[in-house]
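Take a look at the structure below.
The values are calculated or read from the model by the stated rules, or taken from the named source; none is laboratory data. Owing to the predicted nature of the structure, the values given are computational and were not obtained by experimental measurement. We place every Cβ from the backbone using ideal geometry, glycine too, and count neighbours over all the protein chains shown.
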């Protein structure tokens, strides 16, 4: 069985990150609003081998004025093999700058953080 390189963990987390946040933003009609990655930290708990099937859990942790912190767990069966945290910045794709998210987005994010 082959060793799974640390870069693969980043790819797993990136897939979960984009599904979580883009899935949320897709519920709104803010055409130029997007998000960019400002920071990611991955803590490796144990080695992972290929082949195998993993699951990645994702949640929203904190809403800042222009940012959103999200957390992740990478699981092989019941075993957590890595955790991660990312800081994502709301970004206006037209003006090419970070922005304060609209009130409806802030309300939806806040509701998910509290749940």
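Side notes on the structure shown:
- Per-region count, region 1-13, residues touching a strand residue (DSSP E or B) at 6+ places or on another chain (Cβ under 8 Å) and at pLDDT 95 or above: 4
- If you go through region 25-53 and pick out every residue that is at pLDDT below 95 and not in a loop (DSSP other than H, G, I, E, B), you end up with 2.
- Residue match in region 101-111 (condition: assigned to a helix (DSSP H, G or I), surrounded by 14 or more Cβ atoms within 10 Å (Cβ to Cβ) and under 15 Å from the mean Cα position of the chain (by Cα)): yes
- A single entry from 4, 40 fulfils the requirement of being over 18 Å from residue 111 (Cβ atoms), within 12 Å of the chain's Cα centre (by Cα) and surrounded by 11 or more Cβ atoms within 10 Å (Cβ to Cβ): 40.
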